[in-house]
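Notes for the one structure printed next.
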Amino acid sequence: MNPLSQLPSVDRLLSAAAISSLIELHGRAIVTGVAREVLAATREAFRQGAALPAEDELISALIKEVGAGVTAKMTPKLRPVFNLTGTVLHTNLGRAPLPEEAVQALLTAARSPCALEYDIGSGGRGDRDDIVNELLCELTGAEAATVVNNNAAAVFLLLNTLAQKKEVIVSRGELIEIGGAFRVPDIMKRAGAKLVEVGTTNRTHLRDFAENLGPRTAMLMKVHASNYAISGFTHAVPEAELAALAHQHKLPFVIDLGSGTLTDLDRWGLPHEPTPREAIAAGADLVTFSGDKLLGGPQAGMLVGRKDLIAKIKKNPLKRALRVGKLTLAALEAVLALYRDPDRLHQRVTAVRQLTRPEAEMRAAAERLLPALQKALATLPVTVEIVALKSQIGSGSLPVDRLPSAGFAIRPQARSGGVLNRIEASLRGVAYPLRPVIGRIEDGALLLDLRCLDDNDEDEFRNTLGALPAG
Ligand SMILES: *Cc1c(COP(=O)(O)O)cnc(C)c1O
């Protein structure tokens, strides 16, 4: 008998009781589409000679496949995860988590019309940059500010506005690449500016800049070497000297700070990271920095500095292409407002709280969670122990320093074929709506750093562990 004749029609499959409840939940269109796909794939499998099940078995297998297909399609792609990698500002995991104040502001702006470009006082048109201009000036000491999509966009817009068809002098030691293909020389080229590299990788002097000044020079630029450190026999020109040289020649001096925290992180025992305020005080005419690195806000790129230069940048038609939306501005305004009270930042700005979290807290969390993890892995040939770990800040901030933390090390009992990779994959692979756990494999152990696991999320974490397949 021709097995293809046994395949139900789409309509017959859709009329099965289990499928009706799928339609109720997700709508007819998507379920019909998946049912067609499943039937076509099954028809093809039979043509290729796949074995033929009994009719009722065939129907229940098809129903199951349609269910799985619909569920897979309806699972959001942007799923929340547990970041137990030990890297706090993890670019691939969305960098800084927003503080509650910012989440609330974002929701409010999302739900209702808001005064995005509207001056409530006069009833006239407003400027979206005015939402954060005052805060940014207050927090950095700059005269004016504007905001774009990210720091790469800020650097691009700055160069395109002030240095198109002209030269920009940068030290060779600062021609950096940031993960995700942000390279200073490439951005420079796309912005239409000519890069003039001076000095050597490890040492650059003021005279290197002075000797390369010419009629086509547009600016002197400094790029904060955020994701690596040059140590040993090194020399970089102090910012104040570069600013003085630029100003002697009536040129702007600009700094791409990268991370740009708005407060002194030293007070919480973190290594010093240069601030926009310091850069401005040292004579920088423009400073750019990210919103979602150490600042702990939404993805955004800030440009702060001299009023006339900011005005020019805002007139560039590309500003319109790179501008931020109301959701970003709502979150950014709320986060910047928290910086008005620097004494409580370590409690209120999530990224700062995670970075300054004392090791004892992670250790206590590990003690609380150890039984659940041991239970989840009980049937596997591995050992689980609480260990001291080193977290890192991430996103190219403060590259050398590592923060004392605690968490779990899962090690194979013997050299057992890929058991760690299997556990790592099942922690990642839990079904929606459970939250996948992302750890790291290092030196033959699967490490779970608890720094970024909020105390309030521990039950949800236990749920994920409870769903791991045994063995
Ligand atoms: C991170 C970084 C950038 C890119 O910033 P994004 O906000 O990721 O676009 C540019 N320059 C430096 C020095 C950086 O550290």
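The values are calculated or read from the model by the stated rules, or taken from the named source; none is laboratory data. Small disclaimer: the values here were computed from a predicted structure and weren't measured. Note: ideal-geometry Cβ built from the backbone for every residue, glycine included; neighbour counts use all protein chains shown. Heavy atoms of the whole protein, side chains included, go into the accessibility calculation; ligands, DNA and RNA do not. Shrake-Rupley method; radii C 1.70, N 1.55, O 1.52, S 1.80 Å.
Go through (1) more than 21 Å from the chain's Cα centre (by Cα); (2) within 15 Å of the ligand (Cβ to nearest atom) for Asp130 and report which single condition fails.
Of the numbered conditions (1) more than 21 Å from the chain's Cα centre (by Cα); (2) within 15 Å of the ligand (Cβ to nearest atom), the odd one out for Asp130 is (2).
For the range 443-454, which positions are modelled with pLDDT under 95 and at negative phi?
Matches in the range 443-454: none.
So which of Glu241, Glu278 is closer than 23 Å to Thr140 by Cα and more than 30 Å from the chain's Cα centre (by Cα)?
Unique residue meeting the criteria: Glu241.
Kindly indicate which of Ala109, Ala115, Ala153 is of a type in the set (Gly, Ala, Ser), buried (at least 16 other Cβ atoms within 10 Å of the Cβ) and either more than 25 Å from Gly394 (Cβ to Cβ) or over 17 Å from the mean Cα position of the chain (by Cα) (or both).
Ala109
For the range 293-309, enumerate the residues that are out of contact with any helix residue (DSSP H, G or I) (no Cβ under 6 Å at 6 or more places or on another chain), under 19 Å from Glu143 (Cα atoms) and crowded, with 23+ Cβ neighbours inside 10 Å.
Of everything in the range 293-309, those that are out of contact with any helix residue (DSSP H, G or I) (no Cβ under 6 Å at 6 or more places or on another chain), under 19 Å from Glu143 (Cα atoms) and crowded, with 23+ Cβ neighbours inside 10 Å turn out to be Met302, Gly305.
Among the residues of the range 55-70, are any open to solvent by 40 Å² or more (accessible area, probe 1.4 Å), among the basic types (Lys, Arg) and within 14 Å of the chain's Cα centre (by Cα)?
So far as the range 55-70 goes, no, none of its residues is open to solvent by 40 Å² or more (accessible area, probe 1.4 Å), among the basic types (Lys, Arg) and within 14 Å of the chain's Cα centre (by Cα).
What helices (runs of 4 or more DSSP H) completely inside the range 275-380 contain at least 3 residues that are within 16 Å of the ligand (Cβ to nearest atom)?
Helices (runs of 4 or more DSSP H) meeting the threshold: 276-281, 318-322, 326-338.
Is there a residue being in contact (Cβ under 8 Å) with a residue 40 or more places away in the chain and in contact with a strand residue (DSSP E or B) (Cβ under 7 Å, 6 or more places away or on another chain) anywhere in the range 407-415?
Yes: one or more hits.
Please indicate, with yes or no, whether at least one residue in the range 334-351 is surrounded by fewer than 23 Cβ atoms within 10 Å (Cβ to Cβ) and at positive phi.
no
I'd like the full set of residues that are touching a Pro at 6+ places or on another chain (Cβ under 9 Å) and not hydrophobic (A, V, I, L, M, F, W, C), limited to the range 96-143.
Thr140, Gly141
All but one of (1) surrounded by 12 or more Cβ atoms within 10 Å (Cβ to Cβ); (2) touching a residue at least 12 places away in the same chain (Cβ under 8 Å) hold for Ala470; state the number of the condition that does not hold.
(1)
So how many residues does the range 271-292 have that are in contact with a Ser or Thr (Cβ under 7 Å, 6 or more places away or on another chain) and open to solvent by 10 Å² or more (accessible area, probe 1.4 Å)?
3
Exactly one of (1) touching a helix residue (DSSP H, G or I) at 6+ places or on another chain (Cβ under 7 Å); (2) at pLDDT 95 or above is unmet by Ser395. Its number?
Every listed condition holds for Ser395 apart from (2).
Out of all the residues in the range 118-132, which are under 27 Å from Gly192 (Cβ atoms) and open to solvent by 40 Å² or more (accessible area, probe 1.4 Å)?
Correct list: Asp127 only.
Report whether or not Glu143 is under 25 Å from Pro238 (Cα atoms), open to solvent by 10 Å² or more (accessible area, probe 1.4 Å) and more than 11 Å from the ligand (Cβ to nearest atom).
yes
Identify all residues within the range 106-153 that are in contact (Cβ under 8 Å) with a residue 40 or more places away in the chain, within 25 Å of Asp264 (Cα to Cα) and among the charged types (D, E, K, R); write none if there are none.
Within the range 106-153, Glu138, Glu143 qualify.
Taking the range 241-264 on its own, how many of its residues are farther than 19 Å from Leu159 by Cα and more than 16 Å from the ligand (Cβ to nearest atom)?
6
Could we say that Pro317 is touching a helix residue (DSSP H, G or I) at 6+ places or on another chain (Cβ under 6 Å) and at pLDDT 95 or above here?
No: the conditions fail for Pro317.
With the requirement that a residue be within 13 Å of Thr217 (Cβ to Cβ) and of a type in the set (Gly, Ala, Ser), what does the range 151-177 give you?
Answer for the range 151-177, where residues must be within 13 Å of Thr217 (Cβ to Cβ) and of a type in the set (Gly, Ala, Ser): just Ala163.
When the residues of the range 178-223 are filtered to those that are free of Cβ contacts under 8 Å to residues at least 24 places away in the same chain and closer than 19 Å to Val287 by Cα, which remaining residue is farthest from the ligand (Cβ to nearest atom)?
The residue in question is Pro185.
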